[in-house]
Amino acid sequence: MAGAEFSASKIPGHYGWDYIYPNAREVRYFAVHGMKLFRVPVLWERLQPHLGGPLNHDELKRLKSLATVIHKNGGIIVIDIHDYGLYQGSLIGSSAVPVSAYTSLWAKLARQFAADDYVAFGLMNEPKLPRADEWAAIVQQTINAIRATGAKNRIMVAGTGWDGAAGFAARSGPTLGNLTDPQHRLIYEVHQYFDKDASGTSPVCIPPAQAARRLAGFTQWLREGDRRGYLGEFGVSTTPDCLAILRQTLNYMQANNDVWWGWTYWAAGPLWGHYMFSAEPVAGKEAPQMQVMEPFLHPNKANP
């Protein structure tokens, strides 16, 4: 459910114009259709205007209100810090953004949501750190900081290299696979698009028969390590091949649900307009992508 991370170049930005949180009506639409998991991208700089300082009262209130709405509709919210490993343009671990500032952010958020098991912590969207071992060390410190608060919430861990599923096992697996969590509630997040270069920028998809190959290596890595995974981003256009890939992907994850904990389609939210991947209804008409997804959201219905 995008919107709160929009206009990242405008900090803090004007709420209701530059960025916006989804409202109860929008959550209800997807909940009625069977969605149980809502990934909500937010910006670190808006939640915490001064590095290491207190959380912004208004932004935290908006986030808490949305979490409550999602919970009342039977869902889980993933709070996704959508900053690519950066704060105001500087990488975590640089002189401008010490690791302690990042772990402090998550400790503060953990204290706010520790009593809410329907809130999961998405540590960072697509971290741009060049070395996976450096990122793994930061993640372990963050896990430790969260658990030190007493919070037992699920923790979503993304990999480097745009967090792509196809290369995760080789690139990030050797270091992130060694993470430890006393609560045993780590879930590894990957993203995967199905255009030729996997960038999610083209309406043209690879042949549908090739789609599962981009997920297979990560699935094997999960199974070999007795881990759980989560497809945090994937989206397709409305071309026949792309809709076929969407159906195949959901079938694949359902067939491997011993290791795939869940998925969140990219994207929904009120500000997308005519974005090619949007699952939002247009003029009251259900998006073709939603028509493909809906059978997978209701266990009592047969999946095509």
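Read-outs: derived from the displayed coordinates by stated rules, not from any lab. Just so it is clear, the model here is predicted, and its values are computed rather than measured. So basically every Cβ, Gly included, is an ideal-geometry build from the backbone, and we count neighbours across all protein chains shown.
Counting only DSSP beta bridges with both residues in the chain, the antiparallel share comes to about 10 percent. Seen from G85, the other residues with C-beta closer than 9 Å to its C-beta sum to a net charge of -1, counting Lys and Arg as +1 and Asp and Glu as -1.
Given a Förster radius of 30 Å and the C-beta distance between N144 and T68 as r, what FRET efficiency does 1/(1 + (r/R0)^6) yield to the nearest 0.05?
Numbers: r = 28 Å, r/R0 = 0.94.
FRET efficiency, N144 to T68: 0.60.
Local charge for P288 was computed over the other residues whose Cβ lies under 14 Å away, with Lys and Arg +1 and Asp and Glu -1, and equals -2.
Largest GNM mean-square fluctuation among G161, G273, G75, using the chain with Cα springs under 10 Å: G273. The fewest-to-most ranking of T142, T180, T238 by surrounding Cβ atoms within 10 Å reads T180, T238, T142. Dividing the mean sequence gap of close Cα pairs (under 8 Å, 6+ apart) by how many residues the chain holds gives a relative contact order of 14 percent. Highest mobility in the GNM of the chain, judged by mean-square fluctuation with C-alpha springs under 10 Å and restricted to G150, G217, G164, is found for G150. With Cα atoms defining each centre, the stretch 1-50 and the stretch 191-257 are spaced 25 Å apart in the structure.
If you add up the charges near A216, with Lys and Arg at +1 and Asp and Glu at -1, over every other residue whose beta carbon is less than 13 angstrom from its beta carbon, what do you get? All intermediate terms of the calculation are to be shown ahead of the outcome.
On the way: positive: R213, R214, R223; negative: E224.
Surrounding charge for A216 is +2.
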